[in-house]
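K.L.:
Take a look at the following structure, please.
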Amino acid sequence: MKNDIFSFSRFGRYFAGELASICSGKGLSILAFGLMPVYIFILDLLFSSFGDGYEYMYAISRNTFFVFSFWIFAIWIPSACYGNITDKRAGAVYTLIPVSSLEKTLSMIISTLIVIPLAFCIIWTGTDFLITMAIGSPVKDTVLVYAFSESFTPLDLDFSDMLVSAANAVLFFLLGAVFFRKHKIAKTILVWMGIGIVLVLLGMTVLETMTDNWQSAASLENVDISTLNIVWSCTIAAILGIAIFLRIKTIQY
């Protein structure tokens, strides 16, 4: 087979077929996630009808649920779409698909990191826009506009930082989906917590060491934290992408 590593035409056909398979198998679930504003709107109407003790607050509830539903979706979608490749029967069929490991990995990452989340966000924001217009609120109250305002998240999270963190979370859970054979999400969360604890302890040790050296501590004042976060996030994404590729390349049943 020519171009064993990567072929644009072969990758395009495979990617389109994989997206079609995901839409037919998980399209309804993605739609259900995207229609979350409808559920929030109905719940707010029900609670507001109970009496004067509850104030109707769709926008506030919407913002909170958007953050949580976004994270739940980011955690769930990798296992839902690609968790079956660790099964003996489905995985054996997957290994026989005549495309390279690089093409399979790129298709996975593009689907779970860009296409499917974008479809989720389009449905979410579109539904929210229709509801916001229906209740007579101005366009500036829609989540699409409000997301970029300073008061968006009730958890004081920057929207761009949340997107970067969610992207790395998707890659991490995609690695867990293709690595673990059972209890993929639970095991991935446990590993994530373990890594977090180690990083916190390591960070405390480094900070304590630097505070003992006033010259090193003073040099930290010149460090651009935002640039450092971008470099750190890109490094993590690259490591996770390579790990996913190696797992796909070496997976056995």
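The values are calculated or read from the model by the stated rules, or taken from the named source; none is laboratory data. Quick caveat: nothing in here was measured; it's all calculated off a predicted structure. As a convention, Cβ positions derive from the backbone with ideal geometry for all residues, glycine included, and neighbour counts pool all protein chains shown. The accessibility values were calculated without ligands, DNA or RNA, using every heavy atom of the protein model including side chains. Shrake-Rupley method; radii C 1.70, N 1.55, O 1.52, S 1.80 Å.
K.L.:
Criterion first (modelled with pLDDT under 85, over 18 Å from residue 42 (Cβ atoms) and of a type in the set (Phe, Trp, Tyr)) does residue 65 satisfy it? First the steps, then the outcome.
P.N.:
Values: modelled with pLDDT under 85: yes; over 18 Å from residue 42 (Cβ atoms): no; of a type in the set (Phe, Trp, Tyr): yes.
So residue 65 fails the test.
K.L.:
Of all residues in segment 82-136, count the ones that are within 22 Å of residue 35 (Cβ to Cβ), of a type in the set (Gly, Ala, Ser) and at pLDDT below 85.
P.N.:
Residues in segment 82-136 being within 22 Å of residue 35 (Cβ to Cβ), of a type in the set (Gly, Ala, Ser) and at pLDDT below 85: 2 in total.
K.L.:
Filter segment 1-49 down to the residues that are modelled with pLDDT under 90, of a type in the set (Val, Ile, Thr) and part of a helix (DSSP H, G or I), then identify the one that is farthest from the chain's Cα centre (by Cα).
P.N.:
42
K.L.:
When the residues of segment 74-93 are filtered to those that are among the hydrophobic types (A, V, I, L, M, F, W, C) and open to solvent by less than 10 Å² (accessible area, probe 1.4 Å), which remaining residue is nearest to residue 169 (Cα to Cα)?
P.N.:
Initial filter on segment 74-93 (among the hydrophobic types (A, V, I, L, M, F, W, C)): 74-77, 80-81, 85, 90, 92-93.
Of the ones still in play, those that are also open to solvent by less than 10 Å² (accessible area, probe 1.4 Å) are 74, 77, 85.
Details: 74: 7, 77: 11, 85: 20 Å.
Among them, the one singled out is 74.
K.L.:
A further question on this structure: Output the residue which, of all residues in segment 161-210 that are modelled with pLDDT of 85 or more and polar (S, T, N, Q), is farthest from residue 79 (Cα to Cα).
P.N.:
168
K.L.:
Hey, can you tell me all the residues within segment 94-115 that are buried (at least 18 other Cβ atoms within 10 Å of the Cβ) and outside any helix (DSSP H, G or I)?
P.N.:
Once the filter is applied, which keeps residues that are buried (at least 18 other Cβ atoms within 10 Å of the Cβ) and outside any helix (DSSP H, G or I), segment 94-115 yields 99, 100.
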